[in-house]
């Protein structure tokens with residue numbers, strides 16, 4: 001047991017909480033780790049001190065005894081200094097020390113580890129499917145071919161040639177791990193020869209070459225629900241690749257892409273469209289047949305005198321919401337189109353209309369100049 005103050009070693013106050021203690025310990029462990037300071041006995045000792053300080057201060061009972069009675073109190077409780085390592089403090093940091101120094105901290109300090117690695121489950125697969133907006137509105141069933149790894153029919157997934165058995169790994173002698181000394185630590189690594197299984201296939205299957213899996217083509221059908229949004233991922237459980245040695249299959253993830261529509265714009269469950277009408281339709285009113293996603297149409301009555309930019313709503317002409325199953329609406333924006341070319345008769349009629357409205361097209365119209373003056377004057381009087 002060291003004689004320095006544990007709080008001083010980690011550079012924290014006596015009121016420090018667990019997160020501050022962990023943070024200080026991580027910093028010290030990174031700074032003084034023997035792999036970063038090879039042959040430096042002082043750094044090695046500081047690393048050991050930091051580990052001992054952490055092991056006491058992170059434990060509420062040990063910390064309480066230490067705060068009240070100091071080193072003697074811990075000795076009276078049977079504490080013999082640093083003898084272990086809590087790897088859980090690195091979980092939130094993605095095992096940063098393990099990644100940095102190249103080993104697994106859960107197998108650190110001679111701790112007990114799992115003898116053999118687990119056989120792997122099947123790999124997940126992903127697929128992208130394109131549908132149009134009409135299909136997204138009604139829902140659709142898509143059929144596609146998929147190449148994935150399946151259990152080898154020749155060896156039934158064992159990877160062994162029929163009539164043979166697995167043999168004990170000669171590298172790790174069946175332990176699944178290789179142990180060696182790193183600094184003053186005993187480090188255990190997964191055996192690279194048998195991948196932690198402790199056994200190897202001496203005579204592999206001719207079909208799968210010992211993997212237990214072979215590639216096969218599979219035809220699948222998927223149902224895409226009505227109202228699905230662009231970018232939605234669908235999960236088909238158990239439709240991924242087969243697992244090793246009978247382990248569970250992986251999953252298949254379908255990324256649904258809804259192709260941009262030439263007429264409708266989608267916002268959630270609502271649809272938006274823009275239609276152009278003529279000058280006479282805007283002035284006199286009209287009836288428009290508006291196409292819908294289901295192939296039908298809806299009659300939209302345009303009142304006389306409608307202005308460009310006005311919006312009309314057609315109820316329940318949108319898409320179904322996948323959560324509450326309510327249907328959205330269709331919003332139609334009116335755009336009044338001005339003719340670019342007129343024949344002589346059309347021009348005559350328009351001049352006659354202007355005359356009837358008291359508009360002299362040959363003179364400069366000062367209407368907006370006067371309106372501007374009125375607006376500015378009103379603003380000044382309000383201030």
Seminar exercise, completed: To the nearest 10 degrees, the tilt of helix 367-382 (Cα long axis) against the first principal axis of the alpha carbons of the chain is 60 degrees
Problem set entry | 0 to 90° range, to nearest 10: angle between helix 344-356 axis and the chain longest Cα axis | 80 degrees
Exercise. Sorting 10, 279 on the 10 Å Cβ count, fewest up front, what's the list?
Worked result: 279, 10
For this session: For a quick protection proxy, order the peptides 266-272, 335-341 by their average other-Cβ count within 10 Å, most packed first.
Result: 266-272, 335-341
Problem set entry | Gain on full stretching of the segment that runs from residue 341 to residue 297 - 0.36 nm per residue minus C-alpha separation | 12.7 nm
Exercise. Could you state the number of Å between the C-alpha centres of segment 239-310 and segment 193-227?
Worked result: 42 Å
Exercise. By average Cβ neighbour count within 10 Å, what is the ranking of 213-221, 357-365 from highest down?
Worked result: 213-221, 357-365
For this session: Go ahead and run the numbers for FRET between residue 370 and residue 280, Cβ-Cβ distance against an R0 of 35 Å, rounding to 0.05.
Result: 0.75
Seminar exercise, completed: Protection proxy (average C-beta count within 10 Å per residue), highest first, orders 49-60, 310-321, 123-134 as 49-60, 310-321, 123-134
Problem set entry | Mean ellipticity per residue at 222 nm, deg cm²/dmol - from DSSP H runs of n ≥ 4 across the chain, formula -39500 (n - 2.57) | -8000 deg cm²/dmol
Problem set entry | Efficiency of FRET between residue 325 and residue 232 - r from beta-carbon atoms, R0 22 angstrom, step 0.05 | 0.85
For this session: Find the centroid of the Cα atoms in segment 21-63 and in segment 319-383, then give the distance between the two in whole Å.
Result: 77 Å
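In whole percent, what relative contact order does the chain give with Cα contacts below 8 Å and a gap of six or more residues?
So the answer I get is 13 percent.
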Exercise. Percent antiparallel among DSSP beta bridges with both residues in the chain, to the nearest 5?
Worked result: 70 percent
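Computed from the coordinates by the stated procedures, all read-outs in this text should not be read as laboratory data. Computed from a predicted structure; not experimentally measured. Reconstructed Cβ throughout: ideal geometry from the backbone, glycine too, with neighbour counts over all protein chains shown.
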